[in-house]
Every structure is written in structure tokens, then in C-alpha cells.
Amino acid sequence: MNKKINAALISVFYKDGLEPVVRQLQAQGTTIYSTGGTQQFIEALGIEVVPVESLTTYPSILGGRVKTLHPAVFGGILGRRAVDTDLQEMAQYKIPEIDLVIVDLYPFQETVANTTEEKAIIEKIDIGGPSMIRGAAKNFSDVAVIASKDDYSKLVEILAQQGGETTLEQRRAFAAKAFQIVADYDIAINNYFNPDTALTVLGAGQQTVLRYGENPHQTAIFHGDLGQCFAQLHGKELSYNNLVDVDAAIELIKEFDGTNDAVFAIIKHTNVCGISSRASVAEAWKDALAGDPESAFGGVLVTNKEVDAATANAISEIFFEVLIAPSFSEEAMQVLQAKKNRILLQLKATNTTPNIYKNAVNGTLQQGKDLGNFEKWEEVGGRQSSDAERKDLEFANIVCKHLKSNAIALVKGGQLVGKGCGQTSRIDALRHAVEKAKQFNFDLAGAVMASDAFFPFNDCVQLGHEAGITAFIQPGGSIRDKDSIAYCQEKGLALVMTGMRHFRH
């Protein structure tokens, strides 16, 4: 059933894009009710507006907290045109029928992102806005609701083509979107007050349809606002697989927030295949690539420092999918933009959601993020680790945390020189790591080794020692820890127990 829009209530925080809407409403003779800044905006266009105060008989009070919360407003929104008693009561109390509600919400999420001042954040919790949106959406059989400026152009098109009328199907579609917007808004407020038990509702908020999923025959959608994490400066549209690797890269590089050294890492299929920590970003790139130049092909690159021209020229010698950095020099951008499909992302923030979600069986698994490096530093070997070894052990343990289990990371001088991941036994992961180091001519004498979980036997420390490794780090917890400890004590090797497992399926 079509409904003519004779009266509209407009109250929005952002005014951009609103002018064509109000001019279309004026052209079709619609009575426009409005408040505050929106009223002033419309009046400045030379368009007549009826102040909401003329309905409520109350001015905006309590510093603007109460403007529209009144039966004269909500009666006009919620009144059922097909119910005689509703119409009689509206006539009795001189409540006009409102056929269109255009309301957006105070920018709560944006305020949280830009300030830590609680007073400012609390004032951006909208009360009247969500209430009007919900009321209009509930009464979609009679009222059209626009809760997003993204729909302004669609509304103008509908009004122009349909003589100021809306269909029931159109009003229902607008209502469905409105409820989703309010739900997303309420979730953001909940998550501010309950950061440790933050909610994620699939389908709420922004959605981006991707070209396909992991494989071309799979559909894929991204739910969320990528713009909060990074700005895409160049390149083709991000794919499903790109985003999975970008997430892995961001999770890794945030481990080095605050460090003075330049860290450069190469991610392939969510695993670290090269990483180093150096005095300059160019040196860090060179040694990260040297760790496994074969696997680096087509990878996702990430660094914690600005990419300069020298680094950009060096990186451009290989094919890569994505490069993530906090900034790029002007000269570097000129170099990197030479290939039109290269994806360049400027990282804005490394804060990510506190929980991990995964579909399993007929439900969803939720767990907290694996935060931290170690719970304790217990030297149980034949000697204390040296200062240089300790630095490498800490670095290796972080790298190992970002490899699929079973995982082994070999590090020497702040550089990943060998890794084994995704193996069904820990000794196989170590064999793979040692072979990788040999493949690229690394000398493992004096290197250190990290394991994401305990050594079930002493074969790992034996094989590592035979390869030249002098210090080990692992969480401990095996009933046979004593075997590995005894071997390290006998051979004068350093062995650190951390008490923190970093297992990743």
C-alpha cells in the first residue's frame, strides 16, 4: 500500500547530503518539522520549517538532552492510521501524522575512537534518535524511516519517481536497515562499558561484499569498518585471502609497538616466513627477505616504521600482494605505485577486537586473544642465557607465537633464520626449521630456538644442539620436562621455561 508523505520530521547530526532531500520535500508540499541545528540548516536554504517545540510546547532543555521525547512527537510517529481509536486520540490531542522520519545518531563510535574523555563520550550516547528511529521502523506500515545518509539519494529518487509516495515494500526495507543501525549502535555502547565481554554480531554494521572467498566458487562478505584500521592508498580491492593475511600481519606487528628498532615481516598464508629487527627499515627488509626469499613471493609485507625510497626500491624487486606501514615517504609512494595492483595500506591503529571467533560444529567458538610473551622467565638449563641470547629468545618466542602449530622458530641476531610450522609432530617442525636454515646457508652456531608448546621428549634439544643452537625457550609443562632440562644442564645449554603456551590451530 502506497503512502503519501505529507509531513516529515528531520533531525540529523550530519547535514551533508541533506539539501536535495529537503528541496524534494518542499517541491511536493511536505510539512517539515525539525529541531536545533537541522532546523537552522533548512531555514538557511530558504525552506519553511515547523519547530518541534511548537508541537511539544517545550523548548530544548537540559543542554539539548531533551528535545523530541514527547507524546506529540512519538504519537505522530507511532499512531496507526488504520486504527480508529489511534486517530481519534491523535485528533483529541492535536497530534499531527508524521509520514517520514529522517534521523541519524550521535557519532558515538567516532567519539570513542578520537578521545578518552568519558564526559564527551557519554554525551554522544543518543537517546531520542534511537527512540524515533525504532518508533518509525515499528510503524513501517504507515511511516518511512531513513536512518543513514547513505539512503538520501535513494529517497530522493523514490519521491521524484513516485510522486511523493512510498510503497510498503520500500518502507519495510528502510525499517529493516534502521533496526540494524540501532542494534549496531547499542552494541558499540555495550562494548565501551564492557570491554572484557565485548559483543560481536555478525551482519551488524558495515558490510563489504568481496569478489569471492578462499576459492573462486565461495562467496564472501567482510563485516566491519576497515577504515578504522588502515587507509588504502593504492592498489586493487582487498580479497578474502588478503584480509586474512593482513589480519595476521597486523597482529604480529603490534607486538612491536613502542620499540625503537625497525621490524619488518613477511607473511604467507598467515605464517611468518621472514622477519628481522634492525636499526633501519631498509636493513630490516633485507634480512627479513633473506630468511626465506622463496616463500616471500606473493606475500603480505608489514613494518612498524615509515617506508623510505631506498626500502621501496628494494621491495619492488619482488612480487608482493600487500604492503602495510604506518607511513610512506613521498618518494616511496612514487616508486611503489608503479604497479597498479599493489595494495598499499597505511596503518592507523593496531588495536583489534579482544576476542577470536570461529565456527565449529553447529555453533561458534569464542576465546580471548593470546596476549603477552611469557608469564615467567625461569632459567633451568646448564647456564644462564646471555644478554644477546635473551634478546633473541624473546624475539623468537614472539615469532613462534605467530606460526601455526606445531611450531619452531630459529633466530640469530634478531633475524628469523629457520622455521617449521603446521607439522603434526614437534620434532618434524624442528627438522623442517633446520632444513630451511641450511637451504638458505645460515650458520646456526649460536642461534636460539623457540617452541610454541612444551618438548614432549628431549629429542628436540638434542637435535637443536647438534645443529648449533645454544639456547632454548619453551613453556614447559610436560611430565618429561626433566629429560630436556637434564640434557641442557649436561651440555651447558641455556633453557628458559615461560609458563605460557602459544599453540595455534
Worksheet item: When all protein chains stay in place, what accessible area (Å², nearest 10, 1.4 Å probe) is found for S385?
Response: 20
Item to complete: Quick one: P(r) of the stretch 147-199 from all Cα-Cα pairs, 5 Å bins, percents rounded to integers, in order of increasing distance.
Response: 4, 18, 18, 18, 12, 10, 8, 7, 4, 2, 0
Worksheet entry | Neighbour cut-off at most 11 other Cβ (10 Å), DSSP loop, GluC sites (Glu not before Pro), the stretch 45-128 | E48, E117
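Helix-only estimate, please: 222 nm mean residue ellipticity of the chain, summing -39500 (n - 2.57) across DSSP H runs of length 4 or more and dividing by its residues, to the nearest 500. Present the calculation step by step, with values, prior to reporting the outcome.
Numbers: 18 runs with 186 residues, N = 505.
Calculated mean residue ellipticity at 222 nm is -11000 deg cm²/dmol.
Where does each of 187-197, 63-73 land if you order them by average Cβ count within 10 Å, highest first? Could you put the intermediate results ahead of the total?
Values: 187-197: 13.5, 63-73: 16.1.
In descending order of packing, they fall as 63-73, 187-197.
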Worksheet item: Within the stretch 245-269, whose backbone N sits under 20 Å from a point 7 Å along Cα→Cβ of D387?
Response: 259-262
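Kindly state, to the nearest 0.05, the FRET efficiency for T115 paired with D150, given R0 = 25 Å and r defined as their beta-carbon distance. List each step's numbers first, then the result.
Numbers: r = 25 Å, r/R0 = 1.01.
In this case the efficiency is close to 0.50.
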Discussion item. Could you tell me the extents of the stretch 347-505's C-alpha atoms along the three principal axes, largest first, rounded to whole Å?
Written reply: 49, 36, 29
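Which peptide among 281-288, 441-448 comes first, and what is the full order, when sorted by highest mean count of other Cβ atoms within 10 Å?
Details: 281-288: 22.0, 441-448: 17.6.
Ranking the peptides 281-288, 441-448 by packing returns 281-288, 441-448.
Using the eigenvalues of the Cα gyration tensor, what equivalent ellipsoid semi-axes result for the stretch 308-405 when each is taken as the square root of five times the eigenvalue, whole Å, largest first? Could you put the intermediate results ahead of the total?
On the way: eigenvalues 237, 131, 31 Å².
In descending order the semi-axes read 34, 26, 12 Å.
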Worksheet item: For F320, which sequence-distant residues (separation of 5 or more, or a different chain) have an amide H within less than 5 Å of its own amide H, given hydrogens modelled in the peptide plane?
Response: G298
Practice prompt. Using 0.36 nm per residue of separation minus the Cα-Cα distance, give me the extension gain between N441 and H505 in nm, one decimal.
Written response: 20.0 nm
Worksheet entry | Carbon and sulfur %, accessible surface of the chain computed with the full protein complex present, 1.4 Å | 51
Worksheet item: How high is the relative contact order of the chain, given as a whole-number percent (alpha carbon pairs under 8 Å, six or more residues apart)?
Response: 9
Practice prompt. Answer with a single label: of (1) 4, 19, 29, 25, 15, 7, 1, 0; (2) 4, 22, 33, 28, 12, 2, 0; (3) 4, 16, 21, 18, 15, 11, 9, 5, 2, 0, which was calculated as P(r) over Cα pairs in 10 Å bins from 0, in percent from the structure in view?
Written response: (3)
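So how do H505, H402 rank on accessible area, 1.4 Å probe, biggest first, that is with the largest at the start?
Working: H505 175, H402 20 Å².
Ranking H505, H402 by accessible area, largest first, yields H505, H402.
Can you give the charge dipole size of the chain about its Cα centre, rounded to the nearest 20 debye, using +1 on the beta carbon of Lys and Arg and -1 on the beta carbon of Asp and Glu? Write out the running numbers ahead of the final one.
On the way: 48 positive and 61 negative charges, 146 e Å.
In total the dipole reaches around 700 debye.
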Item to complete: Report V417's accessible area, 1.4 Å probe, all protein chains in place, as a number in Å² to the nearest 10.
Response: 0
Worksheet item: When the Kirkwood hydrodynamic radius is evaluated over all pairs of different C-alpha atoms of the stretch 20-165, what value in angstrom, to one decimal, is obtained?
Response: 16.6
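The values are calculated or read from the model by the stated rules, or taken from the named source; none is laboratory data. Predicted model only: the values in this text are computed from it and were never measured. All Cβ positions, glycine included, derive from the backbone under ideal geometry; neighbour counts span all protein chains shown. For the accessible areas, the whole protein counts, side chains as well, though only heavy atoms, and no ligand, DNA or RNA atoms are used. Shrake-Rupley method; radii C 1.70, N 1.55, O 1.52, S 1.80 Å.
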